[in-house]
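What follows is a short report on a single structure.
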Amino acid sequence: MDEAEIHIIMGSKSDQAICDKTTTVLDEQKVKYNMDIISAHRNPEELKEAINSSKARVFICIAGLAAALPGVVASMTKKPVIGVPVNGALGGLDALLSIVQMPKGVPVATVGIDNGQNAAHLALRILEA
């Protein structure tokens, strides 16, 4: 990993369009980021390794359907995690509820369904704090 301040993780390649919304904002602001596609369900060891090796200060996790990715990442790090629910089924409501209903002690900031832009803006504000 390089000196990226933000680490974007997508649960699936199908989340690329939402990721592009996020990276467009970060590119405009000239903020370095890393990007990976890692499923929390199919590749938990790879995900753990990516989190542990990341020097980023903020994680943005983009996931649809069961949307476990942001919560799993938040359970493995003390760094801020922003979840982006993706409209894959039920209008994205399933993903939104999966991300916002985290247990106490496992916080995940959540933006609106498919709102990768706001995830980038929130990450930038966290970095400025």
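The numbers here are math on the coordinates, done by the rules we state, and not lab data. It should be emphasised that the depicted structure is a prediction, and the values quoted were computed from it without experimental measurement. Note that each Cβ is placed from the backbone with ideal geometry, even for glycine, and that neighbours are counted across all protein chains shown.
Summary of computed values
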item	result
Matching option when the condition is part of a strand (DSSP E or B) and surrounded by 15 or more Cβ atoms within 10 Å (Cβ to Cβ), among Ile18, Ile113, Ile51, Ile82	Ile82
Count - residues of region 57-68 that are buried (at least 22 other Cβ atoms within 10 Å of the Cβ) and part of a loop (DSSP other than H, G, I, E, B)	1
Odd one out for Leu97, checked against (1) surrounded by fewer than 17 Cβ atoms within 10 Å (Cβ to Cβ); (2) of a type in the set (A, V, I, L, M); (3) under 15 Å from Gly11 (Cβ atoms)	(3)
In region 85-94, the residues that are assigned to a loop (DSSP other than H, G, I, E, B) and either of a type outside the set (A, V, I, L, M, F, W, C) or over 17 Å from Gly11 (Cβ atoms) (or both)	Asn87, Gly88
